[in-house]
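Each value in this text was obtained by applying a stated rule to the coordinates, not by laboratory testing. Quick caveat, the model's predicted, so the values are computed rather than measured. Cβ: placed from backbone, ideal geometry, glycine included. Neighbour counts: every protein chain shown.
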Amino acid sequence: MKIDLQRRPRRLRQSPGVRDLVQETFVLKTDLIQPLFVIEGKSKRQPIESMPGIDALSIDLLVDECELLGNIGIRGVALFPRIDNRLKDERGTEALNPDSLILKAIRAIKKRVPSLILIADIALDPYTTHGHDGIFNKRQTDVDNDATVKILAQMATLHAKGGVDWVAPSDMMDGRVRAIRHSLDKEGHVDTCILAYSAKFASAYYSPFREAIGSNFHKKNSPLCKRTYQLNPGNRREALQEAVLDELEGADMLMVKPAGLYLDILREIRNNTHLPVAAYQVSGEYSQIYAASQNGWLDLTRCRDESLLAIKRAGADIILSYFAKQVALSLS
Ligand code: PBG
């Protein structure tokens, strides 16, 4: 005897066909951006231990990789340099070297794969001995916001001149989007986009990335603390406020980072702006899925796809993910 039910939602789940027809959210290749690490040298490939499948590449290999990514349908890459420790100093001087590793990489990629969108992080952490995103104030008690912003504005213009399509300030200093926009425009780079890391939380999930770029190399025992500039993971309203400010300051796109643990923030920012919203599935989110799957505890492909679908469903137009290449290949 069947129970008398007016609504039977399971009717729409009874076969793969109907499930496909009513699926609301899809992750597309065109949503994805692949982060890439670049190192000095020739034909060099340096595995990142905590990120299986991800290698830092010398420029020649990086250019080949970018060509492949373009061919499989990836539209953009975010580049991160792992520079020699000898080039680092307290003030991150190397960030303003017109012939730095990242600028050489940008020029080489643009030459071979001109249609690929190149994104450069604007922050000092790959360049400072202490691994902070800015320079310190006189008393060495904190990063000096305004002095750092001035350097970031110059850095952004230098990268735009080098050929990047988007600059992505990831430092969380106050007023940096406005300063960067002003500096870009003054130098005629009116078409360079700003992808603002608007809601970047002081997260424990960045440590594999810090291993990759060596920003924690002298801090083996105490984790690098960026809490005077990155957001408190407990603060939602403050994150929304940051997003509003970045929009007012001239950001073209807003980003939430990490992604998977901050889907509520992502959805709220999505609902409060008409700008495209990006989400960064960070290194630790990747490592976590990988480690569990290597233990046989989780299914890599299914967890990968579900994690990205959740980010898309929460409202991301653009997803930065170390899984981008794998996913694009699986969608081919
Ligand atoms: C630094 C920066 C970080 C990431 C991107 N840019 C780390 C940090 O703030 O220390 C993290 C990315 C990742 O974990 O994948 N400006």
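Tabulated data
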{"item": "Dipole-positive endmost among Asn295, Leu320, His274 within segment 225-332 (Cβ charges, Cα centre)", "result": "Asn295"}
{"item": "Loop-located chymotrypsin sites (Phe, Trp or Tyr not before Pro) in segment 216-324 whose Cβ has at most 14 other Cβ within 10 Å (DSSP)", "result": "Phe217, Trp297"}
{"item": "Cβ-placed point charges (K, R +1; D, E -1), dipole of the chain about Cα centre in debye, nearest 20", "result": "820 debye"}
{"item": "Mean separation of Cα contacts under 8 Å, 6 or more apart, over the residue count of the chain: relative contact order %", "result": "18 percent"}
{"item": "Prolate/oblate/rounded call for segment 170-243, Cα gyration tensor, a/c under 1.5 rounded", "result": "oblate"}
{"item": "Residues in segment 191-208 reached by a label modelled at Glu306 [backbone nitrogen below 19 Å; 7 Å Cα→Cβ]", "result": "none"}
{"item": "Under DSSP loop assignment and at most 16 Cβ neighbours within 10 Å, longest trypsin sites (Lys or Arg not before Pro)-free interval of the chain", "result": "237-332"}
{"item": "Projected label distance in nm at Gln14 and Arg86, using a 7 Å step from Cα toward the beta-carbon", "result": "7.2 nm"}
{"item": "Cα gyration tensor, segment 57-152 - rounded (a/c under 1.5), prolate or oblate", "result": "prolate"}
{"item": "Estimated inter-spin distance, Ala147 and Asn71, nm [label 7 Å along Cα→Cβ]", "result": "4.9 nm"}
{"item": "Net dipole in debye of segment 227-332 [+1 Lys, Arg Cβ; -1 Asp, Glu Cβ; about Cα centre; nearest 20]", "result": "320 debye"}
{"item": "Folded to 0 to 90 degrees: helix 176-186 orientation relative to the chain principal axis, Cα", "result": "70 degrees"}
{"item": "Shape category assigned to segment 202-332 from the gyration tensor of Cα positions, a/c cut at 1.5", "result": "oblate"}
{"item": "For segment 25-331, projected area of the alpha-carbon convex hull averaged over all directions, nm²", "result": "15.0 nm²"}
{"item": "For Leu298, Leu184, Leu21, order by how many other beta-carbon atoms lie within 10 Å, fewest first", "result": "Leu21, Leu298, Leu184"}
{"item": "Linear extension gain, Ala204 paired with Arg236, 0.36 nm per residue minus alpha-carbon span", "result": "9.8 nm"}
{"item": "Helix 145-162 vs. the chain, principal-axis angle (Cα, 0 to 90°, nearest 10)", "result": "80 degrees"}
